[in-house]
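Each remark here refers to the structure printed beneath this line.
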Amino acid sequence: ADIRSLGIHLSSLDRLVYSNIPLAEDKLFYALSSAQRRMYFLYQFDPLSLAYNMPEVIRLSGALDKARLVRSFEALLLRHDLLRTIFVESEGEVYQQVVTDRDFVLEEYSVSENTTTKDLITSFIRPFDLSSGPLLRVGMITEDDDDYLLLIDMHHIVSDGVSHGILVGDFISLYEGDDLTPLSLQYRDYSEWQQSDGYQSGLALQREYWLGEYSEELSLLELPTDYRRPEIKSHHGNTVSFGLNSSISSSLRELGEREGATLFMTMLSIFNILLSKLGNQEDVVIGTPVAGRSHADLEGIVGMFVNTLALRNYPKGDISFKAFLENVKETSLGGFSNQDYQYEDLVDELDIVRDTSRNPLFDVMFSYQNF
């Protein structure tokens, strides 16, 4: 409603939101979604990488009904087909296949004099084989009679942040013996629908928008770094964290409110300017993730839906911050109202020469989830 009030054109998005997602016909192989194709492409670069593992450790205290826990996970796998899915290649194409004859296995560990809890957790988090699965791995460390650690690891190709919340809610309900409403769709229905001619034709206006954003030649962001960029991008690195005090946070919110901008837009504007100064350029592309669940039918469905928006802005030195914030606001609204057009499709359309040392369109991500 807020976007509509600003006059953003949403005709193609409306069609995607309000048309029903049909059930896919039963078959051996199903199409990959665009997000899954991205994950599979990255997986092929380094099958032994842990970069796209989604591990979690949960402490359980008190009496534990292990049999009920196992039954709950078995029911969870039956409820969500994607948790029993593998990825296979056939005649040069990659497909997903739902496995029906595999039992759930709980990996059990115990702390000993020679093995610490940290050692066990480290050994539990290991690479996934997408061609054989399973892509959901569950373990349990017994530390004491009534003290356990539940270990869960999934590959990003079958889950995302929203899916995590869905799975936690479903598991709690199943463990407590509650009945869950049957799902009307599975992820394979979505992936087949997304690759259909009807869906793709509905993206025509969104495709036009993004190609317009990248009609001019792109300049890569070159930041001053301590070391040379490696020939093949790795995920080795570190994290530096810092916080803003309440006074600065309040001032930033007030600044955005005066200009009709959200905190995300205000912070993105500042971040653009910082990167512009560091890279000495006035054409900056920053990636930001979106949940990718614009269709109401996708509520309660587990899967990889996340898309990435490559937001392009021009922090030119001859305009005021107020004017630039207005530009970023328009770019952000335009990007989010055209978020169903997949990042991978944009990269393919632009026919960018792939460079294994960097992302095709941007080198910096900015997540709105923290604001």
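For region 18-55, the set of residues classified as touching an Asp or Glu at 6+ places or on another chain (Cβ under 7 Å) and open to solvent by less than 40 Å² (accessible area, probe 1.4 Å) consists of Ile21, Ala24, Tyr30, Ala31, Ser34, Arg38, Asn53, listed by residue number. Of the residues Tyr227, Tyr209, the single one that is surrounded by 13 or more Cβ atoms within 10 Å (Cβ to Cβ) and among the aromatic types (Phe, Trp, Tyr) is Tyr209. Taking the criterion of being over 16 Å from the mean Cα position of the chain (by Cα) and either of a type in the set (Asp, Glu) or under 19 Å from Leu252 (Cβ atoms) (or both), would at least one residue in region 334-341 satisfy it? Checking region 334-341: not a single residue is over 16 Å from the mean Cα position of the chain (by Cα) and either of a type in the set (Asp, Glu) or under 19 Å from Leu252 (Cβ atoms) (or both). Among the criteria (1) in contact with a helix residue (DSSP H, G or I) (Cβ under 8 Å, 6 or more places away or on another chain); (2) β-branched (Val, Ile, Thr); (3) open to solvent by 50 Å² or more (accessible area, probe 1.4 Å), the one Thr239 does not fulfil is (1). Return the pair list, or none, for Cβ contacts closer than 8 Å from residues in region 295-324 that are closer than 18 Å to Asn20 by Cα to residues that are open to solvent by 40 Å² or more (accessible area, probe 1.4 Å) and of a type in the set (Lys, Arg), at least 6 apart or on different chains. Here the result reads Glu299/Arg293; Phe305/Arg293, each pair linking region 295-324 to a residue that is open to solvent by 40 Å² or more (accessible area, probe 1.4 Å) and of a type in the set (Lys, Arg).
When residues in region 85-104 are screened for being in contact with a strand residue (DSSP E or B) (Cβ under 8 Å, 6 or more places away or on another chain) and either loosely packed, with under 10 Cβ neighbours inside 10 Å or not polar (S, T, N, Q) (or both), 9 of them pass.
The values are calculated or read from the model by the stated rules, or taken from the named source; none is laboratory data. Small disclaimer: the values here were computed from a predicted structure and weren't measured. Here the Cβ is made from the backbone with ideal geometry for all residues, glycine too, and neighbour counts use every protein chain on show. Heads up: the accessible areas ignore ligands, DNA and RNA and are worked out on the full protein's heavy atoms, side chains in. Shrake-Rupley method; radii C 1.70, N 1.55, O 1.52, S 1.80 Å.
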